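Any read-out appearing in this document is the output of simple, stated calculations on the displayed coordinates, not a laboratory observation. Predicted model only: the values in this text are computed from it and were never measured. With ideal geometry, Cβ positions are generated from the backbone for all residues, glycine too; neighbour counts draw on all protein chains shown.
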Amino acid sequence: MKKILFVAVLIIFAFSACGGSTTSIPTQTSLPLPTDTPTNVPPTLTPTITPFPTVVISNTDGLLAEILSSGTIVVATNEDFQPQSFANPAGQRPTDTKCAFDQFSSAQLQGFDVDVAIQIGLRLGVETCLVTPPYNEVKTGNWGDRWDIGVGSYWITTKRSNVLAFTMPYYYENGTDAAAITIDYSHTLPIETLLGTINQIIDDMHNDRTLSTLSIKWFGKDFSTK
């Protein structure tokens, strides 16, 4: 019996070696790499502006000291002036905001001027809170200490310069009219240090092209220079 089994094994082995049918294991092949650039790629979104390091503040007094102490800067802008400033329907007021109940958080408004105001707050290291008084109340001065600065595309004019301090222009509306940050001369606290600090911030934003990028984002053109 053992001899019969041994002979049977030899016959099976010989049959396999002579080309008998065998089962092979399939091998995994790599997918072909694309050779053409796809045409259905969505357009690149405008990148979010990343704040640069906060401005170096060598001296704090007056209104600037109060802003830094409170942790907020209150900015007057326009309520519905697209694309400079207008409501953001998707914006949610943060639960931990320092903004007062009658002020908007920076998430609730949007636009070019709003983004500039946010950048000023970021570079000062404080939260930007927004209010929307009538345009004429801002440009005529005598704010009654209700807000700290104005970022609302306020043109520099000789008449306004009598009641408002202007920074250097941060953009040129329609490419011609110089708009600047405003501070009320009649504020009960000294404004000189704040004015100088914001001037430095605007200069930095020109140099690092933040203003250029924001202008293209909201206007489709670079209005940060003439």
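Summary table below
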quantity	calculated
Cα→Cβ-extended label distance, 7 Å offset, between ILE156 and SER69, nm	3.2
Relative exposure of VAL163, VAL138, VAL56, VAL75, judged by other C-beta atoms within 10 Å (fewest first)	VAL56, VAL163, VAL138, VAL75
Packing-based exposure ordering (other Cβ within 10 Å, fewest first) of ASP222, ASP61, ASP102, ASP184	ASP102, ASP61, ASP222, ASP184
Order of ARG160, ARG146 - criterion: other Cβ atoms within 10 Å of each residue's Cβ, fewest first	ARG146, ARG160
³J(HN,Hα) computed for each position of region 192-209 - Karplus, 6.51 cos²θ - 1.76 cosθ + 1.60, integer Hz, glycine/proline x	4, 5, 5, 4, x, 5, 5, 4, 5, 5, 5, 4, 4, 5, 5, 5, 8, 6
Cα-based radius of gyration of region 62-219 once divided by 2.2 N^0.38 Å, which approximates compact folds	0.95
Global form of region 151-226, assessed from the alpha-carbon gyration tensor, a/c cut-off 1.5	oblate
Derived scalar couplings ³J(HN,Hα) [region 171-186; Karplus, 6.51 cos²θ - 1.76 cosθ + 1.60; whole Hz; x for Gly, Pro]	6, 10, 4, 6, x, 10, 8, 6, 10, 9, 6, 10, 9, 6, 4, 8
Paramagnetic reach from LYS226 (point 7 Å along Cα→Cβ, amide N under 18 Å) across region 177-192	177-181
Alpha carbon convex hull of region 51-146, volume per residue in cubic angstrom	112
